[in-house]
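Novice: Sharing a structure, written as structure tokens. Questions coming.
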Amino acid sequence: MAAHDYKPLHSITLTDIQALGLPLQLAEHLHENLTDILSIHGAATPATWHHISTRLLKPDFPFSLHQMFYYGCYKDFGPDPPAWIPDPIKNFVLFFFSLLLDMFSFFFIYFYLFREAAKLTNVGRLLERHGEEFLGSTYKNPVSSFSDFQEFSVSNPEVYWKTVLDEMSISFSVPPECILRENPNEEGSNPGGQWLPGASVNPAKNCLTINSKRGLDDIVIRWRDEGDDDLPVKSMTLKELRKEVWLVAYALDTLGLDRGSAIAIDMPMSVNSVVIYLAIVLAGYVVVSIADSFAAVEISTRLKISDAKAIFTQDLIIRGDKSIPLYSRIRDAQAPMAIVIPARGSLSMELRDGDISWHDFLERARNFSLDEFVAVEQPVEAITNILFSSGTTGEPKAIPWTNATPFKAAADAWCHMDIRGGDVVAWPTNLGWMMGPWLVYASLFNGASMALYNGSPLGSGFAKFVQDAKVTMLGVIPSIVRTWKSTNCIAGYDWSAIRCFGSTGEASNVDECLWLMGRALYKPVIEYCGGTEIGGGFVTGSFLQAQSLAAFSTPAMGCKLFILGDDGCPIPQNVPGMGELALSPLMFGASSTLLNANHYDVYFKGMPSWNGQILRRHGDVFERTSRGFYRAHGRADDTMNLGGIKVSSVEIERICNAVDSSVLETAAIGVPPSEGGPEQLVIAVVFKDSDTAPPDLNQLRVSFNSAVQKKLNPLFRVSHVVPLPSLPRTATNKVMRRVLRQQFSQLDQNSKL
């Protein structure tokens, strides 16, 4: 049912509500309360929806009721209706005031209490202390002045970043000479400037330090293994985490590797992998992040690019009743020395000569089990983590995170997700993707604890863990939400502790976003978009702004966005439009080098300038709407986003071209569904002999699926196969995938794809 097919709220009858399967008494109660809300707030205002969503709707009500009320409220509102506005006080108090006071007094008190609630956020507290200092006489309050503060963070990086680093209690062994030293804007130089020049620091040490945000007895990790869903949630204090990290750091030093050597991690996101990650950084080595879903050839590629000297892994990955081999992939990748952790009590297979069991590895450092490991402090530009993002050549880009990058990740969490002491942060992810390290730093720098579920996030076990761990910030990718919604596996679990959701990795779908908010009594979804090379986000949401479904409300702090017009130049700031996104070059924590490509050529060459600064290429198509929101519309280049993973079209095409002898060539296209949401993988196929009947397309799709999942990533899925007589090409014979993407999107809208 399309949004325009819903009745306006004032036309909804008791019969309409009851027809959705609700008992008569409940339907009468809902209709009566709906009538009361409409009489006070009108039939189509954000305040109306705010009261409906927080006073009337419950997670166990049919989703069709949620849709009826939401789309009925905003039927004639226009684009970007707010699905959430900051809740100033408890709803029953608001309602009480609304009954007792005239409308003028009500809105006065509503605004006053709204402002008081805003003060409770991290940014609100900061602005109440320094708002006039930062913004002068234009400062009003945290809500009205939030956009001004975001602009201040861009134009005054010295003040903003020094303030936020202080707020997060970041300590340097050698303090920086300044926050930013801009470089000459010359071709081949680093237009992004030097951040924190002269500083020495260790991010892992900062994660383990006692400060005003945490003490030794504070819980920093909560976790549960799949299958133990009825057992209490396990926990680890800061004191216990420090002891575990120090032990592994001492054991690392027994391997005889030079400081700065690269050490890979290829294992699920677990307590052990977090301990290993922090130990590698603490001891002055470099983490190489490899996703545990990769095939042997992809593992091998990443190990060679990074020149990894050792790798941590598990023998198996346990998912429900399935045991997925992992160490065998490491072996097939001809990896260097492996330290292998048993998924169960003991190793399930014999190790290669030179590999070490987890038990034997730790035994090397038992004599130091009670000693603090002295952190290796390094210059801020030293590499701490190598991550990978697909390029357009088929070889993944090796993106170094420096010692500054973790501060960007944690600052985003502090400002935009409002993560603070006492929060419990869960985000189903992996250290192979940037959100794995992001979760570690976003939690520990801000005094929160991270919640890790060692199992699949797609079932009721994870939903129960969110409930039992009392998660306050739950991160998702839209594909996970789609599965939850289709299976209803989270029904019956109490997610009321959640203060907000975070969503990243791919474009969200409006209905699925609405459904997700409804599972936690309509807490906001903070959309978050960035990149591995950014170290965090460039566009996101905020607790101090209204949030519209599947939309971003603000550039991230310290970031300035540009949308390029058809002429390749930026359209005027704050003017609606759609085009390829570009970024200001001066972004704290963003990459300045690549290990296997020319950084300037990849991100700056050929880009337009603005106010004397060459802009940074990103590659997504973005829209700035008439109400000032931002929406993502997929990739502008020849990469796509599948399930939150950026992948090159060339990588997929190379595999598909070899699947069937009848195939001449293929083009892999990521097509966003017409209703919004994650991109679908469509394969355009040109057959060798156009005169004979093509093979069965469904069987070919199955074959493509099998090959892509086996050789590239088991999480990828081919949605459609489309036969074409030829592929559109440029004058230089390059495939015009953008043209195909536009054609396939139109076919999808016409229900022909």
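The values are calculated or read from the model by the stated rules, or taken from the named source; none is laboratory data. All of these numbers come straight from a predicted model, not from anything done at the bench. Cβ sites come from the backbone with ideal geometry, for glycine too, and all protein chains shown count toward neighbours.
Novice: Go through region 311-337 and give me each residue that's closer than 26 Å to Gly260 by Cβ and surrounded by fewer than 22 Cβ atoms within 10 Å (Cβ to Cβ).
Specialist: Matches in region 311-337: Gln334, Pro336, Met337.
Novice: Something else now. Is there any pair linking a residue in region 295-307 that is free of Cβ contacts under 8 Å to residues at least 40 places away in the same chain to one that is small (Gly, Ala, Ser) and crowded, with 18+ Cβ neighbours inside 10 Å, with Cβ under 8 Å and at least six apart or on different chains, and which?
Specialist: Listed pairs, sorted by first residue: Ala296/Ala333; Ile299/Ala333; Ile299/Ala335; Ser300/Ala333; Ser300/Ala335; Leu303/Ala264; Leu303/Ala333; Leu303/Ala335.
Novice: Given region 642-701, what strands (runs of 3 or more DSSP E) lie entirely inside it while holding 3 or more residues that are modelled with pLDDT of 85 or more?
Specialist: Of the strands (runs of 3 or more DSSP E) lying wholly inside region 642-701, those with at least 3 residues that are modelled with pLDDT of 85 or more span 663-671, 680-687.
Novice: Being polar (S, T, N, Q) and under 20 Å from Ser503 (Cβ atoms) is the filter here; which residues of region 438-468 pass it? Quick ask: steps written out before the conclusion?
Specialist: If we filter region 438-468 for residues that are polar (S, T, N, Q), which is where we start, we get 443, 446, 449, 454, 456, 460, 467.
Selection gives Ser443, Asn446, Ser456, Gln467.
Novice: Looking only at region 58-81, count how many residues are more than 18 Å from His31 (Cβ to Cβ) and among the aliphatic types (A, V, I, L, M).
Specialist: Residues flagged as more than 18 Å from His31 (Cβ to Cβ) and among the aliphatic types (A, V, I, L, M) within region 58-81 amount to 0.
Novice: Residue check, Glu363 against (1) crowded, with 20+ Cβ neighbours inside 10 Å; (2) over 30 Å from Thr472 (Cα atoms), all met but one. Which one?
Specialist: Only one criterion in (1) crowded, with 20+ Cβ neighbours inside 10 Å; (2) over 30 Å from Thr472 (Cα atoms) is unmet by Glu363, namely (1).
Novice: Moving to a separate point now. For region 551-574, how many residues meet the condition of being modelled with pLDDT under 95 and at positive phi?
Specialist: 2
Novice: Could you tell me whether Asn657 is surrounded by fewer than 18 Cβ atoms within 10 Å (Cβ to Cβ), polar (S, T, N, Q) and under 20 Å from Met736 (Cα atoms)?
Specialist: yes
Novice: Could you run through region 316-332 and say how many residues are of a type in the set (D, E, K, R) and at pLDDT below 95?
Specialist: Narrowing region 316-332 to residues of a type in the set (D, E, K, R): 319, 321-322, 329, 331-332.
Still in the list and also at pLDDT below 95: 319, 321-322.
Result for region 316-332: 3.
Novice: Being crowded, with 16+ Cβ neighbours inside 10 Å, closer than 25 Å to Asp494 by Cα and of a type outside the set (Gly, Ala, Ser) narrows it down to one residue among Tyr70, Tyr74, Tyr6; which is it?
Specialist: Checking each option against the conditions leaves just Tyr70.
Novice: Going through region 409-422 one residue at a time, which ones are part of a loop (DSSP other than H, G, I, E, B) and crowded, with 24+ Cβ neighbours inside 10 Å?
Specialist: Passing the criteria: Met417, Ile419.
Novice: What are the pairs, 6+ residues apart or on separate chains, where a residue within region 630-649 that is over 16 Å from Arg737 (Cα atoms) and outside the structural domain of Lys711 (by TED's automatic domain parsing) has its Cβ under 6 Å from a residue that is in a loop (DSSP other than H, G, I, E, B) and hydrophobic (A, V, I, L, M, F, W, C)?
Specialist: What qualifies is Arg631/Ala551; Ala632/Ala507.
Novice: Taking the stated definitions as given, is Asn611 over 30 Å from Ser706 (Cα atoms) and either touching a Ser or Thr at 6+ places or on another chain (Cβ under 6 Å) or polar (S, T, N, Q) (or both)?
Specialist: yes
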